[in-house]
Structure formats: structure tokens, C-alpha cells
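Read the structure below first, then the notes.
The values are calculated or read from the model by the stated rules, or taken from the named source; none is laboratory data. Quantities reported herein were computed from a predicted structural model and do not represent experimental measurements. Don't worry about glycine lacking a Cβ; one is built from the backbone with ideal geometry, like all the others, and counts go over all protein chains shown.
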Amino acid sequence: MGVRIDKWLWAVRVFKTRSEAAEACKNGRVTCGGGGVKPSHEVRPGEIFVVRKGAVYYHYKVLAEIGSRQPAKLVPDYMLNVTPQSELDKLNAPRETIFMMRERGTGRPTKKERRQIDSLLDEFYFADDEE
């Protein structure tokens, strides 16, 4: 009897909640072997899953099946993070390349300004998805 991918991703602390993990699977942010996986996909040792969080694609290798949430110190017994260094370097890049300047004293952005900022950031972070 296998363990569902959404449950496994939650158990090894890739996502905070199981519903968050299931939502990521449904939206195509979790792949295995180049194709998307459903939340009900059964995990097998040796499989490598790719999880997209923001602009970074994390690669996780399954070492063992586990259905219950584990303490952080036990996670390496069940999962191996095989993310390439080039992907991890993307974590530092956005801080250096995006800087929004607002006039001092203008307060918080309005709803319209927030939408414009969000669309600009979406174009930057998810430009790789369109290719």
C-alpha cells in the first residue's frame, strides 16, 4: 500500500499543510518524470519529484514512504534534496534585480497599484513557464 504524493510532501515538510501540497499537485507545480502528478499519485522509493516554488524548481528523491508528519531532524531518512546549485542560486537573484521605488510619504500602495506590482512580479518570476 503506497502513500499519496500530497501526504508524503506534507510529511517530509516540503509544504506546511496537506491541502497546500494537494493544491500544488492540481496546479501542475509538482512533476515526476516530466509530467504532472495528481495528489493521489502513489510514491515509490527512488522516484524524483520536481516541485516549483516561486522561480525555483526543487528536486526531491524519495528514500522511503512515510504517511505521518516527521520531525525536521528525521526528514533526511525519507527524502534527499537533489536540487541543482543553479536553481538554488535563483533564491538570491530576485533581491538584487528587483527594487521598487516609491515616493516617501505616499503611504501603502492602493489596490490598483498592488495589482500592477503583482503583475510585474509575476512576469519576472514566471517568465520561464511561458517558454
Quick one: Leu88 ticks every box in (1) assigned to a helix (DSSP H, G or I); (2) modelled with pLDDT of 90 or more; (3) closer than 30 Å to Asp122 by Cβ except a single one, so which number is it?
(2)
Is it true that some residue in segment 56-68 is closer than 30 Å to Leu120 by Cβ and modelled with pLDDT under 85?
no
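Which ones in segment 2-15 are within 11 Å of the chain's Cα centre (by Cα) and farther than 11 Å from Val62 by Cβ?
First, pick out the residues of segment 2-15 that are within 11 Å of the chain's Cα centre (by Cα): 9, 14-15.
Result: Val14, Phe15.
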Tell me, yes or no, whether segment 58-74 has at least one residue that is of a type in the set (S, T, N, Q), without any contact (Cβ under 8 Å) to a residue 12 or more places away in the chain, surrounded by fewer than 12 Cβ atoms within 10 Å (Cβ to Cβ) and not assigned by TED's automatic domain parsing to the domain that holds Leu120.
no
Looking at segment 9-30 only, could you name the residues that are in a helix (DSSP H, G or I) and free of Cβ contacts under 8 Å to residues at least 24 places away in the same chain?
Arg18, Ser19, Glu20, Ala21, Ala22, Glu23, Cys25, Lys26
May I ask you to verify whether Arg44 is among the basic types (Lys, Arg), within 20 Å of Gly2 (Cα to Cα) and exposed (fewer than 13 other Cβ atoms within 10 Å of the Cβ)?
yes
Got a sec? Which of Arg95, Arg52, Arg102 is within 21 Å of Leu121 (Cα to Cα), assigned to a strand (DSSP E or B) and modelled with pLDDT under 95?
Arg52
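Conditions tested, residue by residue: (1) touching a Cys at 6+ places or on another chain (Cβ under 9 Å); (2) more than 17 Å from Asp6 (Cβ to Cβ); (3) of a type in the set (Lys, Arg).
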| position | (1), (2), (3) |
| --- | --- |
| Thr17 | no, no, no |
| Gly28 | no, no, no |
| Gly36 | yes, no, no |
| Pro39 | yes, no, no |
| Lys53 | no, no, yes |
| Tyr58 | no, no, no |
| Arg69 | no, no, yes |
| Lys73 | no, yes, yes |
